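The block underneath contains the structure these notes are about, expressed in C-alpha cells.
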Amino acid sequence: MHYGGDYNPEQWSEDVWAEDVRLMRTAGVTLVTVNVFSWSVIQPRESIFEWEWLDRVLELLHENEISVDLATGTASPPPWVSERYPGVLPQDDGGATLWPGSRQHYAPTSPDYRRLAATLVTELAARYHDHPAVVMWHVNNELGCHTPWDYSDNASAAFGRWLEARYQSIEALNKAWNTVFWSQRYADFSQVLPPRKAPSFHNPGAVLDFKRFSSDALLELFIMERDIIRAAGATQPITTNLMGPFPPGDYWKWAAEMDVVSNDAYPDPNDPEAFRSLAFASDLMRGLKPDKPWLLMEQSTNAVQWRPSNARKQPGVMAAWSIQSVSRGADGVLFFQWRQSRAGAEKFHSAMLPHAGPETRVFREITALGDDLRSLPKLGIGSRARAALVFDWDNLWAIGDEALPAQLDYNEIVQRWYNAFHRQHIGVDIVNPRSDLSGYDVVVAPLLYLVSDQSAAHLSAFVEGGGHLLVSAFTDVVDETDAFRPGGYLRTLGGTFGVRVEEYDALVLPGTDGPGFRSATLDSPAGPLVGTFLVDEIHAVTADVLGRFTDGPIPGAPAFTANRFGSGVGYYLATIPDDAGMTSVVRWVAEQAGVGAEFSGLPELVEASRRDQHVFFINHGATDVWLDIPTSDAVNVGVERVYLGPQEWTWLHRP
Ligand code: GAL
C-alpha cells in the first residue's frame, strides 16, 4: 500500500528537505511524486540541463527508504519555450492564444512542443532509468486538464491528418458527416478546420470526430513519453494521472496503453453526495484495468483553492474517502502536495504538511491514516460485481451536442444511475459497450444514444445468453458517425428490446421554468415512476408492456417494456426517471436478475463495498450507526453489532 503525495522540493531551500523527510517518516510516507513542475529548473535554457539538485533529492529520499514516482516534468514548459517557439501555444475556439503565466500552455500537436518534451524525457530517462529510488514513472500531469481542446493551426493540420487516416478519402468524410447539408462539402482534408467559433451549430459528426481526435492527440503525448522511457531501459511501471470520468479523454483507450491506472479526485466537501461521485470514479478506475489495483494519485487533505468557495474537509472525511478508494481497488493513497506552498497560485491549497506546521489537525490525521493503511489486512484485487453500468466516451461526446431534442448532461445522468446502485449497496462494475459482459447478470446502459453495429451485436449477445439489459430513453438513435440509420430509430437493438420507436418528445428541463410538461409519470412493477427530460413514443412489437404513462404528453402509451430475447430479457424504459425512480427501477431489474445488495438493512449513508475477500463499511453520515452483522460473518469480527461514528470505517473478512 503506497502512501504519500506530490513532493516539490524545488520550492524550498535544502535545509527544509531534511525536515521534510523526517516528517514524511513520522507520517508513514512510502512514495512521493517528484519533478511534476520542474522543467524550468532542470532546463533553464534550451542548451543547459541542471540535474544535480534532483540527484540530491532522489538520494535523500532513497536513504530514507521513501520511493519515488518520477514525473517527466513536461506539463508546464519554461518561459524560453514559448519565447523561442511561439507556435507551441494553444488557441481557444475564438482564435485567442492561451499565453504562458500559469501552466499547460502547449498545443498537444505542436511539433516544437513534442520535440522539446521528447528531449527532456530522453535526458531524464537516460539519467534515472535504473535509479534505485524510482519505482514508477509519471508521464506529464493530468493530460488535457486545462487545455483539452486546442483550435490552433497545429491542431488544424493534425486534425486533417487524423481524418485522412480515418476516412481515407474526402468523399468518405463528406458522406459520414453529410456535408451536403448547409453546403459544407469539402474538396480536400486541408479545408477541414477544428470547430472554431461559428455563426451557428457545427456539424455534429465533425465535432464528434474533433473530440475523438483531441483525445488521441493527448494520448499520443503519453505514448511518446512512455516509449522514450522504455527505450532508455526503464523497467518500472509507467502511468499518467487520470481525472475520473474526465470528458475530454477516452480513458478506455488510454488505459490500454498504461501499465497502472492512477486517478486524481477532488470532490467538493460541501456536496452531500460527494462520496458517491468519488465511488463512481474509483469504480471506473477499477474497471479500466480490472485485473490490477490502481492508485489514488492525488486528492486534497483539506480545502482546495480553485472553487469560488473552498470548504475544508471535516475531521475524518479525508481518511474516510481515502479508505473508500482502497475498498474499491486502490493500492495507494497520495495527495497533492506534501508541503503547502508559501506563494504561487496554490498557496491556499491544503497539503499533507500545512503551512501552520505539524502541530495541526491535518498533520495528525495524515499520520493516523498512515498508521491505518499499514494495519490493513492483505487485500486482493478488486472483485467483479454481478451488475455492470455502461460508461462510454463516444456517447458522452455525442450527447454533448447542442442540437438534440433536449440538453442532457451525460456524466450527470450516468452518475445518478450509479448512485441508484450505490444507495442500495449493490456492487456494480463500470464497463464499456465493448467489454466482456460474461459473468454479469444485469447491465444498465443509460443514454446509449450512439451505438456501433459491433457494440449492438455484443449487447444483444449478452441478452441472448441470459443477461438482463436495461436501457432508458434515447437509445440506439445514431451510428458511430452520429447519423441516423436508414429506416427509423433503434435499428440495431430493436429485436433485443422488441419495441419500435416512433418519436422523441422533450419535457421542461428539470430545474428550469417554462411552459410544457415538467414530467411524465408512469406505472411500473417497480411502483409509479416520475420521468424527466424525454419521453420516447414507443410501440411494443414482441415486448410485454410492463407500464404505461399515466400523464405527460402521451398518457396511455407504453413506457416500460420487457422482451424475452434468447434466454435473457431486454428492458426499455421510455424516459429518464428522477432519482427515486432510478432507485426503484434498479432494485426491481436487479431482483429479476437475482442480484441483491452486498449487505441488507444498511442506512443509505453507510457504504458497503467488497474488495475480494473483504467488505468495507464507511459511515458517511453525521450520526452514529450500529451495523447488525449476520451471524456467519460475526465469527470473523467476533461481534454481531458494530458501532460506527460519523466518518468511521471498518472491514470484515467475508470470503
Ligand atoms: C491537480 C493538479 C495538481 C494541483 C491540484 C490542485 O489538478 O494535478 O498539480 O494543481 O490539482 O487541486
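Structure values in brief
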{"read-out": "Net length gained if the chain between residue 631 and residue 564 were fully extended (0.36 nm per residue, minus Cα distance)", "value": "20.3 nm"}
{"read-out": "Value of [θ]222 nm, deg cm²/dmol, for the chain, DSSP H segments ≥ 4, -39500 (n - 2.57) each, nearest 500", "value": "-10000 deg cm²/dmol"}
{"read-out": "Computed label-point distance, nm, for sites residue 604 and residue 175 using a 7 Å Cα→Cβ extension", "value": "5.2 nm"}
{"read-out": "Cα gyration tensor shape of segment 606-653, rounded if a/c is under 1.5, else prolate or oblate by comparing a/b with b/c", "value": "oblate"}
{"read-out": "Separation of alpha-carbon centers, segment 184-225 and segment 395-453, rounded to whole Å", "value": "25 Å"}
{"read-out": "Accessible area expressed per residue, segment 387-592, with surrounding protein chains retained (probe 1.4 Å, Å²)", "value": "34 Å²"}
{"read-out": "Additional length obtainable on full extension of the chain from residue 253 to residue 161, 0.36 nm per residue less Cα span", "value": "31.2 nm"}
{"read-out": "Spatial separation of Cα centroids for segment 593-655 and segment 519-584, in angstrom", "value": "34 Å"}
{"read-out": "Share of carbon and sulfur in the accessible heavy-atom surface of the chain [1.4 Å probe, %]", "value": "52 percent"}
{"read-out": "Whole-number accessible area per residue in Å² for segment 606-653, which is evaluated in the context of all protein chains at 1.4 Å", "value": "47 Å²"}
{"read-out": "FRET efficiency, 1/(1 + (r/R0)^6) with R0 22 Å, evaluated for residue 201 and residue 509 via beta carbons", "value": "0.75"}
{"read-out": "Amide H partners (placed H, <5 Å) of residue 3, local residues excluded", "value": "30, 31, 333"}
{"read-out": "Heavy atoms of residue 149: accessible area, 1.4 Å probe, square angstrom to 10", "value": "80 Å²"}
{"read-out": "Accessible area (Å², 1.4 Å probe, nearest 10) - residue 186", "value": "60 Å²"}
{"read-out": "Overall form of segment 387-592 per C-alpha gyration tensor (a/c, 1.5; a/b vs b/c)", "value": "rounded"}
{"read-out": "Computed label-point distance, nm, for sites residue 376 and residue 53 using a 7 Å Cα→Cβ extension", "value": "3.4 nm"}
{"read-out": "Residue-count net charge about residue 428 - beta-carbon cut-off 15 Å; Lys, Arg +1, Asp, Glu -1", "value": "+4"}
{"read-out": "Difference of contour (0.36 nm per residue) and Cα-Cα distance, residue 307 to residue 343", "value": "11.1 nm"}
{"read-out": "Packing rank of 550-563, 355-368, where each peptide gets the mean count of other beta carbons within 10 Å, highest leading", "value": "550-563, 355-368"}
{"read-out": "Accessible area in the full protein assembly, largest first, 1.4 Å probe, for 575, 623", "value": "623, 575"}
{"read-out": "Non-local Lys pairs in the chain, i.e. 8 or more apart or on different chains, that have alpha carbons under 18 Å apart", "value": "6"}
{"read-out": "Inter-site label distance for residue 597 and residue 361 at 7 Å from Cα along Cβ, in nm", "value": "3.1 nm"}
{"read-out": "Heavy-atom accessible area ranking, 1.4 Å probe, most first, across 153, 578", "value": "153, 578"}
{"read-out": "Ordering of 32-42, 230-240 by packing [mean C-beta count within 10 Å, highest first]", "value": "32-42, 230-240"}
{"read-out": "Summed side-chain charge close to residue 91 - residues other than residue 91 whose Cβ falls under 9 Å, Lys, Arg +1, Asp, Glu -1", "value": "-3"}
{"read-out": "Rg to Rh, two decimals, where the chain supplies the alpha carbon set and Rh follows Kirkwood", "value": "0.98"}
{"read-out": "Solvent exposure ordering (accessible area, 1.4 Å, most first) of 519, 438", "value": "438, 519"}
{"read-out": "For segment 1-127: rounded, prolate or oblate by the Cα gyration tensor [a/c cutoff 1.5]", "value": "prolate"}
{"read-out": "Restricting segment 282-359 to trypsin sites (Lys or Arg not before Pro) in coil, as DSSP defines it, with at most 13 other Cβ within 10 Å", "value": "342, 347"}
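The values are calculated or read from the model by the stated rules, or taken from the named source; none is laboratory data. All values derive from a computational prediction rather than experimental measurement. A quick note on method: Cβ atoms are made from the backbone with ideal geometry, for glycine too, and the neighbour counts reach across all protein chains shown. What goes into the accessible areas is simple: the full protein's heavy atoms, side chains included, and nothing from ligands, DNA or RNA. Shrake-Rupley method; radii C 1.70, N 1.55, O 1.52, S 1.80 Å.
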